[in-house]
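S.K.: Below is one structure. I have some questions about it.
Just so you know, all these numbers are worked out from the coordinates, no wet-lab data involved. Note that the coordinates shown come from a computational prediction; the quantities given were computed from them, not determined experimentally. Here the Cβ is made from the backbone with ideal geometry for all residues, glycine too, and neighbour counts use every protein chain on show.
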Amino acid sequence: MRRVIVSGLGITSPNGLTLTEFWASLLAGSDVFSETPHLPGSGIRVGAIDPSVTFEDIPLPSLSPCDRNAILAVSATRSALSDAGLDGAFRHPERVAVVIGNGAGGLCSIEEQYDRLFKRNRKTHPFTIVRAMVSSSASWISLAFGAKGPCFVMASACASATQAIGTAAQLVRSGLVDIAIAGGTEAPLSMGTILAWDSMKVMSRDKCRPFSRSRDGMMISEAAGILILEAEAHARARGAVPQIEVAGFASNADATDIVAPSVEGMTRAMRGAIADADVVPGEISYINAHGTGTLANDAAETWALREVFGAESVPPLSSTKGATGHALGAAGAIEAVATVIAMREGVAPPTANFEQADPECEIDVIPNLARAMSIEMALSNSFAFGGLNASLAFRRFS
């Protein structure tokens, strides 16, 4: 089995379109949320990329056949390939995989076509199918950059991107491919999608406050995050210096409830990733938590962490969703990007908007201020509706 290194990172998000901007926003706990223009006066705030950004310069002949989720994914992939030093054509494109997490496909495109059909009495656009299909983001990455290996989307709700990164790492580890473009993308900011989430009574009207006693829900956002995963020998042969590796991965299903979180499922996912990395819990020095800011999730995740590490031994952790919002199928990818940068920089990002401790969540959540710390091993968690759990273990390369 081959070691799998992270040779490049890319981000397209409300917190920044470059790694430098994104990281600075996380460290500052910057508030990127604004009222959605779809619902003026509603008070519903979302994380949206600056509408002046057109993405006209991404390497596609036309944006017309693309849903926004695919556009964000191609943009983040271009940045990740550049970060990896893989700007040119692949030497062996058939050995390059694309594995992308996406929760729901072309939500904005679907809503746009319903508007044309039912409000304006017009035919749907001829590109409706290719925009809306959930596999399109992976296909457009393949087309844009010439990747000819396995190419598919994983749809596992809010665990989609973490599942995608873990599965891509297994492809590289096993020798089926040498490089994998892996991550997640989501563009869920259509009016219908926002209202659907709001109807579940899980969205905050002002701030996402993970693990805080005053937390009252999450805030959704659009984003894409990409990791370039590469076999160690392949990376070294082209002069890349390994820094961080994907050391472990595990995923499972609760088989209990479609929305209620399961401590048991979360626990098995973390323990599985730690075992796959061939380490013990005490070697984990930082965790990027799922931490949605909802009452049920944060309490359940705290109990799962105590089960895995011991009540008094849970490592420092943060939920970056306080700063980024919840990017749904892309959440695990932007959190994996944040985790790898934290390991590279020796700084853990804070849990933004933390106000007061909750007796149900009495753990070190790195509240509000970033913390300098050496991070040799880290976990990144994603726990999704449908009872779908996934955890990644990253290790500093030595």
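S.K.: Hey, fewest Cβ within 10 Å first, where do T267, T351 land in order? Write out the running numbers ahead of the final one.
M.R.: Working: T267 21, T351 28.
So the residues, fewest neighbours to most, are T267, T351.
S.K.: Could you pull out every one of the lysines with an alpha carbon less than 16 Å from that of K207, ignoring same-chain neighbours closer than 8 positions?
M.R.: K321
S.K.: Let me know the charge dipole size of the chain about its Cα centre in debye, to the nearest 20, where only the beta-carbon of Lys, Arg (+1) and Asp, Glu (-1) is charged. List each step's numbers first, then the result.
M.R.: Working: 31 positive and 40 negative charges, 202 e Å.
Here the size comes out at about 960 debye.
S.K.: For every other residue with a beta carbon closer than 13 angstrom to the beta carbon of P242, add +1 if it is Lys or Arg and -1 if Asp or Glu, then tell me the sum. Mind showing how you got there, number by number?
M.R.: Working: positive: R2, R3, R236, R238, R344, R395, R396; negative: E230, E232, E245.
The answer is +4.
S.K.: Let me ask something else. For region 246-396, what does the convex hull of the Cα positions come to per residue, in cubic angstrom?
M.R.: Details: hull volume 14.2 nm³, N = 151.
Spelled out: Cα convex hull of region 246-396, divided by residues, is 94 Å³.
S.K.: Which order do peptides 375-386, 237-248, 147-158 fall in by mean Cβ count within 10 Å, highest first?
M.R.: Details: 375-386: 23.8, 237-248: 17.1, 147-158: 21.3.
Ranked from most to least packed, the peptides come out as 375-386, 147-158, 237-248.
S.K.: How about region 311-357: which GluC sites (Glu not before Pro) there lie in a loop by DSSP and see at most 16 other Cβ atoms within 10 Å? Could you put the intermediate results ahead of the total?
M.R.: Details: sites: E312, E335, E345, E355; in loops: E312, E355.
Listed in order of number, the matching sites are E312, E355.
S.K.: Could you compute Rg(Cα) / (2.2 N^0.38 Å) for region 321-365, with N its residue count?
M.R.: Details: Rg = 12.3 Å, N = 45, 2.2 N^0.38 = 9.3 Å.
Ratio of Rg to 2.2 N^0.38 Å for region 321-365: 1.31.
S.K.: Near K201, which aspartates and glutamates are there with a Cα under 12 Å away, not counting those fewer than 8 places off in the same chain?
M.R.: Cα-Cα hits under 12 Å: D216.
S.K.: Tell me which of T302, L63, L171 sits at the most positive position along the dipole axis of the chain, charges placed on C-beta atoms (Lys, Arg +1; Asp, Glu -1).
M.R.: Positive-most Cα among the choices belongs to L63.
S.K.: Under a crude label model (7 Å from the Cα following the beta-carbon direction), how far is E362 from S30 in nanometres?
M.R.: 3.7 nm
S.K.: Would you mind computing the Rg to Rh ratio of the chain from its alpha-carbon coordinates, Kirkwood style for Rh? Could you put the intermediate results ahead of the total?
M.R.: Numbers: Rg = 19.6 Å, Rh = 20.6 Å.
Radius of gyration relative to Kirkwood radius: 0.95.
S.K.: Still on this structure, I have one more. Evaluate region 4-237: find the radius of gyration of its Cα atoms, find its Kirkwood radius, and give the ratio Rg to Rh. List each step's numbers first, then the result.
M.R.: Working: Rg = 18.3 Å, Rh = 18.5 Å.
Rg divided by Rh gives 0.99.
S.K.: Please identify, among G106, G183, G329, the residue showing maximal mean-square fluctuation in a Gaussian network model of the chain using a 10 angstrom Cα cutoff.
M.R.: So, out of G106, G183, G329, the one fluctuating most is G106.
S.K.: A further question follows. How big is the charge dipole of region 4-237 about its Cα centre, in debye rounded to the nearest 20, if each Lys and Arg gets +1 on its Cβ and each Asp and Glu gets -1 on its Cβ?
M.R.: Numbers: 20 positive and 21 negative charges, 114 e Å.
The calculated dipole for region 4-237 is roughly 540 debye.
S.K.: While we're looking at this one, here's another question. Have a look at V98, V130, V46 and tell me which one the Gaussian network model of the chain (Cα, springs below 10 Å) gives the largest fluctuation.
M.R.: Result for the chain, Cα springs under 10 Å: V130 fluctuates most.
S.K.: Quick one: what does P(r) look like for region 74-172 with 10 Å bins over all Cα pairs, in whole %?
M.R.: Binned Cα distances yield the sequence 15, 39, 28, 14, 4.
S.K.: Okay, moving on. Could you tell me which residue out of F145, A223, L189 lies farthest along the dipole of the chain toward its positive end? Charges go on the beta carbon: Lys and Arg +1, Asp and Glu -1, centred on the Cα centre.
M.R.: Checking the options against the dipole of the chain, the answer is F145.
S.K.: What number, in percent, do you get for the relative contact order of the chain if the mean sequence gap of Cα pairs under 8 Å and at least 6 apart is divided by its residue count? It would help to have the intermediate numbers written out before the result.
M.R.: On the way: 1069 pairs, mean separation 91.5, N = 398.
Over the chain, the number comes to 23 percent.
S.K.: Write down the percent of antiparallel bridges among all DSSP beta bridges whose residues are both part of the chain, to the nearest 5. Mind dumping the intermediate values first?
M.R.: Working: 41 of 61 bridges.
Once the DSSP bridges in the chain are tallied, antiparallel ones form about 65 percent.
S.K.: Straight-line reach from K119: which aspartates and glutamates have a Cα under 20 Å away, not including same-chain ones fewer than 8 places off?
M.R.: Once the sequence-local aspartates and glutamates are set aside, what remains near K119 is E111.
S.K.: Could you tell me the center-to-center distance, by alpha carbons, between region 351-398 and region 318-341 in angstrom?
M.R.: Comparing the Cα centres of region 351-398 and region 318-341, I get a distance of 10 Å.
S.K.: Here's a follow-up. Neighbouring Cβ atoms within 10 Å as the yardstick, rank W197, W23 fewest first.
M.R.: Numbers: W197 20, W23 23.
Ordered by Cβ neighbours within 10 Å, fewest first: W197, W23.
S.K.: What does the net charge come to around R271 if you take all other residues with beta carbon closer than 12 Å to its beta carbon, with K and R at +1 and D and E at -1?
M.R.: Working: positive: R268; negative: E264, D276, E307.
Around R271, the charge tally is -2.
S.K.: To continue, here is another question. So for region 13-156, taking the charge dipole from beta-carbon charges (+1 Lys/Arg, -1 Asp/Glu), which of A80, A48, A97 sits furthest toward the positive end?
M.R.: Towards the positive end, the residue furthest out is A97.
S.K.: Right, next: When the chain is modelled as a GNM with alpha-carbon springs shorter than 10 Å, which of A104, A231, A260 fluctuates the most?
M.R.: Looking only at A104, A231, A260, the largest GNM fluctuation is found for A260.
S.K.: If we count other beta carbons within 10 Å of each Cβ, what is the order of D216, D358, fewest first?
M.R.: On the way: D216 17, D358 20.
So the residues, fewest neighbours to most, are D216, D358.
S.K.: If one computes the Cα centroid of region 51-68 and of region 159-198, what distance in Å separates the two points?
M.R.: A separation of 20 Å, based on Cα centres.
S.K.: Given Cα pairs under 8 Å that are at least 6 residues apart, what percent is the relative contact order of region 246-396?
M.R.: Working: 321 pairs, mean separation 56.4, N = 151.
Across region 246-396, relative contact order equals 37 percent.
S.K.: Could you check the spin-label model distance between S199 and T54? Points 7 Å from the Cα along Cα→Cβ, value in nm.
M.R.: Calculated label separation equals 3.7 nm.
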